[in-house]
Amino acid sequence: MSLRLNSDESLFVIVDIQQKLAPVMWDGEGAIEINYKLLQAVAKLRIPYLVSEQYPQGIGHTLEVLSPLIDPSRVIEKLSFSCILEPRFVEVLERTNRKQVVVSGMETHVCVLQTVLDMIDMGYQVFVVADGVASRTTENKMLGLERMRQAGAQIVSSEMVLFEWLQRAGTNDFKAILPLIK
């Protein structure tokens, strides 16, 4: 198991960035912007992704700003806080044959946390994008990140993810991703 991310082994997961949840997040706009960039990057780098929606009938669907970048077939509805308790999510996750999972979304200390803990239990190497997650309070975000770190998740920034996926400068992929970093 490599300690560095590899684009050929990675899967990107966005947890619950939804219409009625996102507006009440502390620094939610920042997290939304990071997820927008990461969705653009996975499209350019051909990295598979999944998006969860917690009870969309009540909380709404994924934010409209992100929707144009998301294939509806990659969106999985759930009622459980952990994505892993949704059988369809696990089925699609396992079909990717990817063992590195990059996770972002809302809320850090609830659905993101429970999903990450369950993924670690399943043997996945999990990387949590600190600038791509949000909670209603900064304290809950920090506690969620710390608990995930203690459980074995690697806490990373979006730039760490992008540069590790790229591995080197001067390539076509680097040129395609560079505007997202600047």
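Nothing in this text is a laboratory measurement; each read-out follows from the coordinates by a stated rule. Everything numeric in this text was worked out from a predicted model, so none of it was measured. Reconstructed Cβ throughout: ideal geometry from the backbone, glycine too, with neighbour counts over all protein chains shown.
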Looking at Ile14, Ile47 in this structure, which one is assigned to a strand (DSSP E or B), closer than 27 Å to Leu166 by Cα, touching a residue at least 40 places away in the same chain (Cβ under 8 Å) and under 13 Å from the mean Cα position of the chain (by Cα)? Ile14
Please go through the range 112-141 and pick out each residue that is surrounded by fewer than 24 Cβ atoms within 10 Å (Cβ to Cβ) and in contact with a Ser or Thr (Cβ under 7 Å, 6 or more places away or on another chain). Gln114, Asp118, Ala130, Asp131, Asn140, Lys141
Please give the number of the condition Glu64 fails out of (1) out of contact with any strand residue (DSSP E or B) (no Cβ under 8 Å at 6 or more places or on another chain); (2) buried (at least 18 other Cβ atoms within 10 Å of the Cβ); (3) part of a loop (DSSP other than H, G, I, E, B). (2)
Among the candidates Arg149, Arg136, which residue alone is more than 17 Å from Lys78 (Cα to Cα), of a type in the set (Lys, Arg) and in a loop (DSSP other than H, G, I, E, B)? Arg136
Can you tell me which of (1) surrounded by fewer than 16 Cβ atoms within 10 Å (Cβ to Cβ); (2) in contact with a strand residue (DSSP E or B) (Cβ under 8 Å, 6 or more places away or on another chain); (3) in a helix (DSSP H, G or I) is the one Leu39 doesn't meet? (1)
Number of the condition not met by Val90 [criteria: (1) surrounded by fewer than 17 Cβ atoms within 10 Å (Cβ to Cβ); (2) part of a strand (DSSP E or B); (3) hydrophobic (A, V, I, L, M, F, W, C)]: (2)
From the list Glu94, Glu86, exactly one residue is of a type in the set (D, E, K, R), more than 16 Å from the chain's Cα centre (by Cα) and closer than 25 Å to Ser2 by Cβ. Which is it? Glu94
So in the range 93-111, with the set limited to residues that are part of a loop (DSSP other than H, G, I, E, B) and in contact (Cβ under 8 Å) with a residue 12 or more places away in the chain, which one is surrounded by the most Cβ atoms within 10 Å (Cβ to Cβ)? Glu107
Checklist (1) of a type in the set (Phe, Trp, Tyr); (2) in a loop (DSSP other than H, G, I, E, B); (3) under 13 Å from the mean Cα position of the chain (by Cα) applied to Phe127, failing item: (2)
